[in-house]
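Heads up: the structure comes next, in structure tokens.
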Amino acid sequence: MSVFANTLREVFGVKTGDRVAIYLPMIPELPIAMLACARIGAPFTVVFGGFSAESLVGRINDSEASLVVTADGGWRRGVLVPLKANVDAAVEKTPSVRNVCVVRRTGTPIEMKAGRDRWWHEAVVGQSAHCPPEALDSEHPFYILYTSGTTGKPKGVLHTTAGYLVQTTLSTKWVFDLKDTDTFWCTADIGWVTGHSYVVVGPLSCGATVVMYEGAPNHPGPDRFWAIVEKYRVNTLYTAPTAIRAFVKWGEEHPKKHDLSSLRLLGTVGEPINPEAWMWYHRVIGGGRCPIVDTWWQTETGSILITPLPGATATKPGSATRPFPGIVAEVVDKDGKPVPAGQGGMLVLKTPWPSMLRTVYRDDERYRRQYWSEVPGAYYTGDGARKDEDGYFWIMGRQDDVIKVAGHRLGTMEIESALVSHPSVAEAAVVGRPDELTGQAIVAFVTLQSGKNGTAEVRKDIREHVGKTIGAIAKPAEVRLTDALPKTRSGKIMRRLLRDIASGKATVGDTTTLEDYSVLAKLREEEE
Ligand code: 7RM
């Protein structure tokens, strides 16, 4: 790590405060690059390897990174991901980038542009393994992580140095009861916040051994996780409900083939866990002896905020239980008044915490508007929740235009702007509908430009276009073609109605502002 920190300075001219974009697969060079940046105080932004060249452009330009660290390629279910080719396409449109550092991972033939591109293994030659950490202000920017919000453009969540380190370390220690003799496996990709906080910073700062893997839970076989747990004697496993639901579907025989007796604690994150999946996880994976910590938090919160502490908090399947010590969470109405127990409301945080985001990078106004204007005197999470008579929190999901698909956070507006950039598309509205496996699934309602035909081919092409524009994870599960979208008199798309239609529910509630009733009738007909 120190070798690469010196390389950043000496070879790539990165100075304290300069931004570095990291676009790597799940290989050791990824945490090494992050920690090397931290060592010299260069804020980094990790871009998930599944994001497209186009998404990379947006993130590099917003952060004005001078260096991109990437690899010749990555592996995903045995398929090659052309990371360097994506970077080549991206940097055509990113004036801030001076250099590209390339890890040799797959051996894929790639182009190296003289003067701009350097191989990692060549650049590090001769660099010292001694790099004293830069002394920094506690509030010095640590990293920027782009996350989906309610507009078409992802926001750069800014985390700072000391507070983030303090709280990720403490939460790892208390929530996972982690000791330096433990082997901890958080299965998230480092491209998401869960990987930043609980693959890299928290567990390493606790001195634990961390497992990282490249690939997928069902490649080469559906027992991939259990083979890894057995091989490395993992004692703490932290994964997502969507993965657990897939395991339930694939069958008990896969975990049963492996010795999982090393496990002592299980965790989940990313979305509400249904009680059936919770029970299965407890019985089949935990052998009935491991506590489960259902941990609620966000990219913005930096670390786990609502969670049981193992051995100390009685759990209820489906509830993230109670706030972490020092966290003041509440369920309130629009005026900020707590709602009675058992009633749904907005989940807010009433006092600050060390690892909270400090702003939206270079957009303080959006920060204020997004988080601090909805509820007076509180941070609004965007989640709906209820608190029961015992003070336990039950998270009910997003109340804004953010959806969680297989634990991945996506913005409906982002997908809509990708859709309308397709030459055949006139207008689009995207909603989430419940999905047994992925929690939510993306449904796109699309009207075509006049004269364009709605063939199956066009629908497929539209899906692929979203994949190319954002990344494969954003491809709609369903593209529904329609002549018109239901709108209010002022022209706002009535998403609530579309959500009901997408999930096959009868339309409930107020439709008096609906511009054209026949649109709704038509949309329903399409279903039949
Ligand atoms: C860590 C992460 C944040 C959103 C959040 C919630 C949902 C996360 C839980 C959960 C129910 C949980 N960051 N969420 N954890 N819902 N129970 N234990 O996921 O920024 O990508 O997403 O995820 O809606 O607001 S994130």
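The values are calculated or read from the model by the stated rules, or taken from the named source; none is laboratory data. Everything quoted here is computed from the prediction, not taken from an experiment. All Cβ positions, glycine included, derive from the backbone under ideal geometry; neighbour counts span all protein chains shown. To get the accessible areas, we keep the full protein, side chains included, count just its heavy atoms, and leave off ligands, DNA and RNA. Shrake-Rupley method; radii C 1.70, N 1.55, O 1.52, S 1.80 Å.
Counting only protein heavy atoms and using a 1.4 Å probe, what share of the accessible area of the stretch 1-136 belongs to carbon plus sulfur, as a whole percent?
Values: 2920 of 5470 Å².
Answer for the stretch 1-136 is 53 percent, counting heavy atoms of protein chains only.
Summed over the residues of the chain and divided among them, the accessible surface reaches 41 Å² per residue at a probe radius of 1.4 Å.
For Lys256, the aspartates and glutamates whose Cα comes closer than 20 Å to its Cα, not counting residues fewer than 8 places off in the same chain, are Asp223, Glu230, Glu276.
The amide H of Ile306, built 1.01 Å from its N in the peptide plane, has Trp296, Phe324 as neighbours under 5 Å, considering only residues 5 or more places off or on other chains. Rolled with a 1.4 Å probe across the full set of protein chains, the surface gives Trp119 an accessible area near 40 Å². Phi-derived couplings, Karplus 6.51 cos²θ - 1.76 cosθ + 1.60 at θ = phi - 60°, listed residue by residue for the stretch 202-212: x, x, 5, 5, 7, x, 7, 8, 10, 9, 10 Hz, with x used for Gly and Pro. Multiplying the residue separation of Lys153 and Val166 by 0.36 nm and removing their Cα-Cα distance gives an extension gain of 1.7 nm. Where the alpha-carbon atoms of the chain are placed on the principal axes, they occupy 72, 56, 51 Å, in descending order.
The loop-placed GluC sites (Glu not before Pro) in the stretch 191-289, going by DSSP, that have at most 13 neighbouring Cβ atoms within 10 Å of their Cβ come out as Glu252.
Got a sec? What order do Asp483, Asp62 fall in by accessible area at 1.4 Å, biggest, i.e. largest, first?
So, going from the largest accessible area down, we get Asp483, Asp62.
Of the solvent-accessible surface of the stretch 218-292, computed with a 1.4 Å probe and all protein chains present, 58% belongs to carbon and sulfur.
Taking amide H positions as modeled 1.01 Å from N, with prolines and chain starts lacking one, the residues under 5 Å from Arg76 and 5 or more places away or on another chain are Val81. For the stretch 300-313, backbone phi angles converted through the Karplus equation (6.51, -1.76, 1.60; θ = phi - 60°) give residue-by-residue couplings of 5, 7, x, 9, 4, 10, 10, 5, x, 9, x, x, 10, 10 Hz, Gly and Pro being listed as x. Loop-resident trypsin sites (Lys or Arg not before Pro) (DSSP state other than H, G, I, E or B) in the stretch 468-504 with no more than 12 further Cβ atoms inside 10 Å of their Cβ: Arg489, Lys492. For the residue pairs Lys334/Lys387; Lys257/Lys316; Lys93/Lys113; Lys316/Lys337, alpha carbon separations beyond 18 Å are given by Lys257/Lys316; Lys316/Lys337. Along the stretch 102-107 the Karplus relation, 6.51 cos²θ - 1.76 cosθ + 1.60 evaluated at θ = phi - 60°, assigns HN-Hα couplings of 10, 7, 7, 10, 9, x Hz to successive residues, with x for each Gly and Pro. On the beta carbon distance between Thr313 and Ser205, with R0 = 22 Å, the FRET formula returns roughly 0.40. The stretch between Ala114 and Asp364, if pulled fully straight at 0.36 nm per residue, gains 86.1 nm over its current Cα-Cα span. Pairs exceeding a 32 Å alpha-carbon distance, out of Lys460/Lys505; Lys468/Lys492; Lys84/Lys492; Lys155/Lys231: Lys84/Lys492; Lys155/Lys231.
An oblate overall shape is assigned to the stretch 1-103, the ratio a/c of its alpha-carbon gyration tensor axes (a ≥ b ≥ c) being 1.5 or greater and a/b not exceeding b/c. The GluC sites (Glu not before Pro) of the stretch 1-84 that meet both conditions, a loop assignment by DSSP and at most 16 other Cβ atoms within 10 Å of the site Cβ, are Glu64. Modelled spin labels at Arg496 and Lys231, positioned 7 Å past Cα toward Cβ, are 5.1 nm from each other.
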